[in-house]
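Structure record follows, encoded as structure tokens.
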Amino acid sequence: MPNTIHYYFWFLVIWTLFYIQLVKYSIPPRCYDHPWRNTDYWRDEPFYTGLSHGCTSTEADVWLFNGTLYVGHDESALTESRTLESLYINPILDVLKRQNPESPFVSSPTKSGVWDTVPDQTLYFFIDVKTSGPETFKAVIAALEPLREKGYLTTVKDGKDVTNGPVTVIGTGETPFDMVAPIKDRDYFFDAPLADLNDPKYADVTGVISPVASTDFQEAVGKITVDTDPILSDDQLKSLRDQIATANYRGIGARYWNTPYFPIRARNLVWRTLLREGVILLNADDLDAVASYF
């Protein structure tokens, strides 16, 4: 018994020190953690890893099988223990509970985000639906209940009034547009196609439906020449600016994925260009690199 007590004592000490370092002394940059490589989902805590690097956004690729939402880039990466609940919902809930403890010194429950330094910064939580859209997204909505119950989710009322919360859930991938856009009262959003915002289907999309719109960088902008600076041609830069301007005019933030990650020089030039032009999130697979960049 003494050995057991000793073990748990040091476990709590180490966890407390890690947690303080994680949220108390970090200033979040606009990085977006997308664990796209199969091996990334084998990390014990993918959410904590992104958070410890300062990412204000994370993404989970979800697959619905037998009523359970599993997480992985593809089916071969799925395991019974890797679920949306275990890898994301519970860790997020744990951090927010610690950030919003019950206290006799506050008159009402607080709704601080995951960062002590910027408590009103929301965590953008992208949920990439991989299996049947309607069925899977319905399960996603149900899975959000623990966060919903605590009032931690950004909400929409009457299709117009947005109340920001510690977590902003955005459905992407196979998320059905018609399961989000027409719903007047909800606590989830839609990842609109940034390059297709002028399509009649998305003519009425604003930040109330899609706080963020995304697109494949290389498809939207085209092939880049890695040994030039500036790295984008005049036409490519105009296309980029037009897409971002269209989104911003409607109160939507822009995000590009599939940005180059090699050569390093090209990656950094693209990052610099995107930040200068006003993207809301910077896509990053190499978290150490993006953390050091900021």
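Just so you know, all these numbers are worked out from the coordinates, no wet-lab data involved. This structure is a prediction, so every number in the text was calculated from the model and none was measured. Here the Cβ is made from the backbone with ideal geometry for all residues, glycine too, and neighbour counts use every protein chain on show.
Assorted remarks:
- Remark: segment 25-190 carries a charge dipole of roughly 400 debye about the Cα centre, counting +1 on each Lys and Arg Cβ and -1 on each Asp and Glu Cβ.
- Working from label points 7 Å from Cα in the Cα-to-Cβ sense, the Arg98 to Asp161 distance is 3.5 nm.
- Label zone of Asn248 (point 7 Å out along Cα→Cβ, amide N under 14 Å): in segment 256-294 this covers 273-281.
- Here the calculated FRET efficiency for Ser233 and Thr206, from their Cβ-Cβ distance with R0 = 25 Å, stands at 0.20, rounded to the nearest 0.05.
- Pairwise FRET efficiency - Ser52 versus Lys223, Cβ, R0 = 45 Å, nearest 0.05: 0.85
- Selection among Thr83, Ser108, Ala143 by position relative to the dipole of segment 25-190 gives Ser108 as farthest towards the positive end (Cβ unit charges, Cα centre).
- Taken along the Cα-to-beta-carbon direction at a fixed 7 Å, the label points for Ala289 and Asp196 span 2.9 nm.
- The charge dipole of segment 250-294, taken about its Cα centre with unit charges on the Cβ of Lys, Arg, Asp and Glu (plus for the first two, minus for the last two), comes to roughly 220 debye.
- Of all aspartates and glutamates in the structure, those lying under 13 Å Cα to Cα from Lys238, and not within fewer than 8 positions of it along the same chain, are Glu277.
- Magnitude of the charge dipole, segment 207-294, Cβ model with Lys/Arg +1 and Asp/Glu -1, debye to 20: 240
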